Each structure stands twice: as C-alpha cells, then as structure tokens.
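Accompanying notes for the structure given below.
The values are calculated or read from the model by the stated rules, or taken from the named source; none is laboratory data. All figures in this text were calculated on a predicted structure; none of them were measured in a lab. Cβ sites come from the backbone with ideal geometry, for glycine too, and all protein chains shown count toward neighbours. Note: accessible area is taken over every heavy atom of the protein model, side chains too, but ligands, DNA and RNA are not part of it. Shrake-Rupley method; radii C 1.70, N 1.55, O 1.52, S 1.80 Å.
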Amino acid sequence: MNSEKIIRIDMGNLKSSDHRVIENKPHVLCLGIESSCDETAAAIVDSNRNILSHIVYSQIPEHQKYGGVVPELAARAHILAIDTVIKQTLKSAGVTLKDMDVIAATAGPGLIGGVLVGWMTAVGIAQSLDKPLVAVNHLEAHALVPRLHAATANGADGDFVTFPYLLMLASGGHCQILLVRGVGRYDLIGQTLDDSAGEAFDKIAKMLGLEYPGGPVVDERARCGNPNRFVFPRPLCDKAGCDFSFSGIKTAARTFLDKYPAPHDDGFVNDFCASFQRTVVDCIVNRLDHAMQDKRVILAKPKHLVVAGGVAKNSAIRAAMEMLAQKYKMLFAAPPLNLCTDNGAMIAWAGIENFMCNRIVTAPIAPRPRWPLTEL
C-alpha cells in the first residue's frame, strides 16, 4: 500500500474538563476497526474519552473515476491497507495490541466484502490475545460518537451528550430520526422511504458534473449561491408523521436540468446547489419539528438534539438544527467534522460503551450487510 495515502488525524487529548470517567468502571483501552465502505480506519480510544490515535486510509481517489464506490475494489483495498493502518495506529498511540482491554470492529451494516475484512481481522486479534470482542453496529457507532466528543454548529465544544437524546442520523444510505434511550436502545421515530439525504446530494453533484463525493462539494457551492432562484418540491412536508422522501426532489432536479443542458456557468451551479440544499434542509427541519410532537419524545424529554453521520458535516443542516433546538429549548450537538464520516474512533467508542454494558461477543457471529438499530 502507498503510505502517502494514509491520512493521519491527530485528535490529541480533549480538554481536561471533557474527561468524564464512566462512573465505577476501570480505565478501558479499545482498538476500533472500521471497514464498512470506502475507508479503512483504526483508532485507539480510552474510557476517559481520549482519542490516543486515529488513522484513516481513504479510498476516494480509487472510486472518483467511477462516481461512486465500487464494492469489489473497496474490499480489495481494505485487504491491502488494514495491516498497515492498524500498525500505524498502535505506533502513533505508543501502545501494543497486548495493552488493549477490548477489540471492536464494525460487523454491519455495510458493503459485506469490506465488513468481512475488518471483522475477521478483529476476530483474529481478539482470539490470539484472548481479548474481549465487541461487534459494533456501524449506525450505532455514528449514533454514539457525539458522546465521545460533541461540538456546536459553529465548531465550538458542546456539552456532554446524555441519554436520552433525539438524533438525526444521516449516513450513507441511511436517514433516520431516532430517540436514543441508551446503548442498544433506539426508538425509530421516522426514516426515509426511498433515497437518503446523502444519496440525494451525491446524485445532484453527479448531474452537475461535480466531483465525488458530492455532498461536501454541494455544500461549498451552495454557500456562494442564491437558495431562492430555483424551486423544488418538498415531499411529505404537508403530511403527518416523521418519514422522509428525497427521491422526488432528485427527480425534479433531473427534469429541470434536462431543460438546461450543460455546460452551466458557476452562477447557475451555485444557485442550483443552494436551492437544492435549502429544499433538503427544509424537509429535515419539517420532519424533526413533527418528531418533537411524538408522544415518545415528549415523555422522554431529551435534553439534546443531535445530528450524526456523514451528512452531519453539512453546514446548512447543522445551522438549521441548532436553530430548531433553540426553538424547543434544547441543546444542539454534533460530532466534530472529522468524526462525522466513517472513522475508527467512533467504532472504538461504541466498543467501549457496549463493553461497559457487557455487550460482548460470546459465540461466533456472521457480519450483516443490513442491521437495523431496532434489532440490537
């Protein structure tokens, strides 16, 4: 593997005021391994919420020419990268595998070829060293990472996120509103009926000839655009409930672009991105507003409104959700930008949270390409 493709993210130690030891539990050190899509990642995190090391090998250059992730290429790249990533993670933290108290890895959902690479690596390490093993649900890792380290919409340090909290989870093909009651305890309040928000952003970027991944590019171009120039439908926003639908917005955008074929000037692209993003944000806020009226949410009285997953990097979504939180006198929280996309730190933290609840692997399990949070 080309070592130049290793992206080192040195999180350092969090401020001492953020070091909240889990009560009545010993200090725990966890190696987390993530390989569910197009990033091979590993991290070492402790139960005091310190990220000791965090290494991510991104496969984006390999997939950009195809405009999306090719599962077979991703699995092969994970095989080539994973040993080097783990070795660099240990070296960066100044520890060995024997120092680990628990090993954690993504066991689903995700592209099964990649999931198998990371999971079998973790199984081998745990068995050879007789270490506890945690099978992490990738979605739960996104859901719990704001408890490792949270930030406000503008990036400032946020308050420690306590259970229960209301979560907007937008990751890959997933878009859900969840009431997070605790580790392994999730109430599904609403979900997408077709495309996810992330898929919609990526597809719009591809229609406009923008680079992959499309979400960050659309967000950047939208900042320079007029969000009122183009009007798109807002599916389900006039309906009861909390479910999403983004397919109709994408189809409307495709139909509109067919009338105005490329090339498009920068002003057109910026305004199109801004208008499309405004539509998606309006749909998200509408559905979350409805979620606030759900009896389960009212009874639970969550203190925090949280966004997590890759789409949580979107600046407009973060800002809109912070305003919604203020409306309901809640606190807004989101992971730092470099913990929104897939990473090993979120897997390690989910491993620690599950380990503390004695949720460890005691018999062979099969990784799962689909694994709803409601089945934990």
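Numbers for the structure displayed
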{"read-out": "Under the Debye formula (equal points on every Cα, no solvent term), log10 I(q)/I(0) of the stretch 105-232 at q = 0.17, 0.21 Å⁻¹", "value": "-1.14, -1.28"}
{"read-out": "Across LYS295/LYS327; LYS250/LYS329; LYS250/LYS301; LYS203/LYS295; LYS203/LYS303; LYS295/LYS329, pairs whose alpha-carbon gap is larger than 26 Å", "value": "LYS250/LYS329; LYS250/LYS301; LYS203/LYS295; LYS203/LYS303"}
{"read-out": "Scattering curve values for the stretch 285-376, log₁₀ I(q)/I(0), Debye with Cα scatterers, q = 0.10, 0.12, 0.16, 0.21 Å⁻¹", "value": "-0.38, -0.54, -0.89, -1.19"}
{"read-out": "Normalised contact order of the stretch 253-334, rounded percent, pairs of Cα under 8 Å and 6 or more residues apart", "value": "28 percent"}
{"read-out": "log10 of Debye I(q)/I(0), alpha-carbon scatterers only, for the chain at 0.14 Å⁻¹", "value": "-1.19"}
{"read-out": "Heavy-atom SASA rank of VAL56, VAL231, VAL69 (probe 1.4 Å, accessible area, largest first)", "value": "VAL231, VAL69, VAL56"}
{"read-out": "Accessible-area order (highest first, 1.4 angstrom probe) of the listed residues LYS250, LYS259", "value": "LYS259, LYS250"}
{"read-out": "Helix 138-148 vs. the chain, principal-axis angle (Cα, 0 to 90°, nearest 10)", "value": "80 degrees"}
{"read-out": "Heavy atoms of GLU62 accessible to a 1.4 Å probe, total area in Å² rounded to 10", "value": "50 Å²"}
{"read-out": "Positive-end extreme of charge dipole, the stretch 248-290 - chosen from GLY248, GLY267, VAL280 (charges on Cβ)", "value": "GLY248"}
{"read-out": "Rounded tilt (10° steps) of 71-93 against the dominant C-alpha axis of the chain", "value": "50 degrees"}
{"read-out": "Residues with amide H under 5 Å from that of GLY108, placed H, sequence gap 5 or more", "value": "HIS138, ARG368"}
{"read-out": "Residue among ALA350, ALA253, ALA107 with the largest mean-square fluctuation in a Gaussian network model of the chain, springs linking Cα atoms under 10 Å", "value": "ALA253"}
{"read-out": "Distance between modelled label sites at ASP266 and TYR66, nm, 7 Å Cα→Cβ extension", "value": "3.3 nm"}
{"read-out": "Heavy-atom accessible surface of the chain: percent carbon and sulfur, 1.4 Å", "value": "52 percent"}
{"read-out": "Exposure rank, largest accessible area first [PHE246, PHE230; 1.4 Å]", "value": "PHE230, PHE246"}
{"read-out": "Derived scalar couplings ³J(HN,Hα) [the stretch 335-351; Karplus, 6.51 cos²θ - 1.76 cosθ + 1.60; whole Hz; x for Gly, Pro]", "value": "x, x, 4, 7, 10, 7, 6, 4, 7, x, 5, 5, 5, 4, 5, 4, x"}
{"read-out": "Mean separation of Cα contacts under 8 Å, 6 or more apart, over the residue count of the stretch 64-177: relative contact order %", "value": "19 percent"}
{"read-out": "Estimated FRET transfer efficiency when R0 is 30 angstrom, pair LEU337-ARG229 (beta carbons, to 0.05)", "value": "0.60"}
{"read-out": "Summed side-chain charge close to VAL297 - residues other than VAL297 whose Cβ falls under 13 Å, Lys, Arg +1, Asp, Glu -1", "value": "+3"}
{"read-out": "Simple spin-label estimate for HIS27 and ARG181 in nanometres, 7 Å along Cα-Cβ", "value": "3.5 nm"}
{"read-out": "Rounded accessible area per residue of the chain, 1.4 Å, Å²", "value": "43 Å²"}
